[in-house]
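Colleague: So that we are looking at the same thing, I have put the structure below in structure tokens.
The values are calculated or read from the model by the stated rules, or taken from the named source; none is laboratory data. None of the values given here were measured: they were computed from a predicted structure. Neighbour counts run over all protein chains shown; Cβ positions are idealised from the backbone, glycine included. To get the accessible areas, we keep the full protein, side chains included, count just its heavy atoms, and leave off ligands, DNA and RNA. Shrake-Rupley method; radii C 1.70, N 1.55, O 1.52, S 1.80 Å.
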Amino acid sequence: MKIKMSAKRSVVCCFVISVIAMVTSTKVKVAVYEHVVISPDDPEAYFTRQEAFQWMSKNLEVFDEQSQKAAKEGAKIIVFPEYGITGFDHSRNSIVPFLEDIPDSSTDWNPCMEPDRFADTLVLRNLSCTAQMYKIYLVANMGDIKKCDITTDKTCPHDGRYQFNTNVIFDNNGQLVARYHKLHMYDETPLFDPAPNAEHVYFDTPFGRFGTIVCFDIMQNEPTQVLLNTYGIKNLLVTSAWSVFLPFIIPQQMYSGLAKKNGINVIASNIRNSLYQMAGSGIFGNDIQSLSDVNTNGTEGILLVSEIETEVTKTYAPNTVMSINSSGKVKQFINETYEGTYHFGLNMSYAIMEGQSGIVTTCKDDVCCVVTYQFKSRDEHETIILSVVDEMMYEPGILHMQYCAVFKCTPHTSHSCDYNDILVNSVFADIKIQGYFGNGVIFPLVSTISNFSRHELTMEMDKYTFDDKNAVLHSSQFDKPLIAAVVFNTLNLEDITTGKSSNVACSDSLASSAFLLVFIYYAI
């Protein structure tokens, strides 16, 4: 069933459905396919529309095959990855014949049944017919093109056209039921333009309500947290092309962390690409952890099918973060701290976690991190650290991140740290991490080694607790070596763009009181 209602009405409707969820139960099988995308040999070359479609049809054929397999396994919905149809490395001009003018879902259109209603929509027609053929809801990512007038539209690009990174959803009859334009770009401008306004896109099915976002949107308050908190979405469909950044951020750490934080189901399809070190898809929710490996050199696609409970009973509330300026007396407890760098040249401060147990504190600017720990078994040759980052990133995507992270470090000197080695032997008996951050969206990022030789990780969602209000991650149940345990904060971009401080100032007495609360909390 398509959504046709005003924003105001949709909020009321969401509230009613969340109440019904208290007394109803809906289980359904869902699928994701981690696709090894087929890209043109020279993506920046000139293509006719026919030549462009010939390249895209190679990927569409795979989508058709995997939709059939998923349907045979009982899946009612399947998600394919970002850039899974167009491929990579186009320029803004060369990608134009790969794009289609995608109508809004309110047009009441079934491309398979009405193929000639809109011109140059062969991709939409193919996706629609696949969904209709196998009676499965289908989520795919493609490019949308919209002409605009630079004289009347202030956000219109200089070439007079919008190009959007877009999710499209078809129901099991081939009807176009949703279209979503990505808001947060990641190393993809000027190829694609961010949506001029945040879109909160969701749709109803006989087995529950689903929302959708694209990749880098996942880390932001808008649209993701607004979609979840304001519209009550409990099932989130994610298309992504996410690189494996060791020891974090590994794609599945983000997917599972979002599910853990919000008490929702996250159904995420990531692309598999060796050139850009991309891999890692999964289906995550309450008692659900179905995921692919992260072998970025893999040449085969992976189909995951899992049963979820779509009507989760969690009560949703706006995100609240304990926002504390950690200057003053808190910094009196800092352990010896070193400086290093992380991906993209991010400045990192870190302290070494010595011995079998202890408490370590480290700060960077006005962000502080505290960890208490006890090892079950410790490899004396491994250096485990607590690191902290507080930095605004503009490239390859706009993000102000703050985090507290525990992971293995391989020191080159006493003042440098190589974080790419995830062959870990040490196992924690107990670990608690608390961060002191600015206002933002808090995520837990956790993974352990399951099978190193096969690049298999475990997200351990059922073995740790997470309090996003106080930014505390705790576990006494890990039984495998820890790759990373992270409390990650994304500051609200609204605060950044309006020049508001990312940290709320407070007195030394408040900072001291907050730090004492940490000791009390850990002592309980």
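Colleague: Looking at this structure, is GLU188 under 24 Å from VAL36 (Cβ atoms), surrounded by fewer than 24 Cβ atoms within 10 Å (Cβ to Cβ) and touching a strand residue (DSSP E or B) at 6+ places or on another chain (Cβ under 7 Å)?
Modeller: The answer is yes for GLU188.
Colleague: In the range 46-61, how many are open to solvent by less than 30 Å² (accessible area, probe 1.4 Å) and either among the hydrophobic types (A, V, I, L, M, F, W, C) or at pLDDT below 95 (or both)?
Modeller: 4
Colleague: Next up: Here is a check on your reading of the model: is PHE407 at pLDDT below 95, within 17 Å of THR372 (Cα to Cα) and of a type in the set (A, V, I, L, M, F, W, C)?
Modeller: yes
Colleague: Filter the range 167-194 down to residues that are in a loop (DSSP other than H, G, I, E, B) and more than 18 Å from the chain's Cα centre (by Cα), then give me how many there are. Working first, answer last.
Modeller: Here is the first cut: in the range 167-194, the residues in a loop (DSSP other than H, G, I, E, B) are 171-175, 182-185, 187-194.
Checking which are more than 18 Å from the chain's Cα centre (by Cα) leaves us with 171-175, 189-193.
So the answer is 10.
Colleague: Scan the range 79-89 and give yes if some residue there is in contact (Cβ under 8 Å) with a residue 24 or more places away in the chain, more than 19 Å from THR189 (Cα to Cα) and surrounded by fewer than 24 Cβ atoms within 10 Å (Cβ to Cβ), otherwise no.
Modeller: Scanning the range 79-89 turns up no residue that is in contact (Cβ under 8 Å) with a residue 24 or more places away in the chain, more than 19 Å from THR189 (Cα to Cα) and surrounded by fewer than 24 Cβ atoms within 10 Å (Cβ to Cβ).
Colleague: For the range 143-166, name all the residues that are assigned to a strand (DSSP E or B) and of a type in the set (Lys, Arg).
Modeller: LYS146, LYS147, ARG161
Colleague: Now, a different point. Based on what the data block shows, is VAL486 touching a Phe, Trp or Tyr at 6+ places or on another chain (Cβ under 8 Å) and part of a strand (DSSP E or B)?
Modeller: yes
Colleague: Restricting to strands (runs of 3 or more DSSP E) lying wholly in the range 325-407: which have 1 or more residues that are of a type in the set (A, V, I, L, M, F, W, C), in contact (Cβ under 8 Å) with a residue 24 or more places away in the chain and farther than 30 Å from LEU191 by Cα?
Modeller: In the range 325-407, the matching strands (runs of 3 or more DSSP E) lie at 347-352, 357-364, 367-377, 383-393.
Colleague: While we're looking at this one, here's another question. Among residues belonging to the range 286-301 that are under 20 Å from ILE449 (Cα atoms) and in contact with a strand residue (DSSP E or B) (Cβ under 8 Å, 6 or more places away or on another chain), point out the one that is most open to solvent (accessible area, probe 1.4 Å).
Modeller: GLN289
Quick grid of which residues meet (1) in a strand (DSSP E or B); (2) at pLDDT below 95; (3) closer than 26 Å to GLY355 by Cβ; (4) of a type outside the set (Ser, Thr, Tyr):
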{"site": "ILE431", "(1), (2), (3), (4)": "yes, no, yes, yes"}
{"site": "TYR436", "(1), (2), (3), (4)": "yes, yes, yes, no"}
{"site": "VAL441", "(1), (2), (3), (4)": "yes, yes, no, yes"}
{"site": "VAL446", "(1), (2), (3), (4)": "yes, no, yes, yes"}
{"site": "SER450", "(1), (2), (3), (4)": "yes, yes, no, no"}
{"site": "LEU457", "(1), (2), (3), (4)": "yes, yes, no, yes"}
{"site": "ASN470", "(1), (2), (3), (4)": "no, yes, no, yes"}
{"site": "LEU473", "(1), (2), (3), (4)": "yes, no, yes, yes"}
{"site": "GLN477", "(1), (2), (3), (4)": "no, no, yes, yes"}
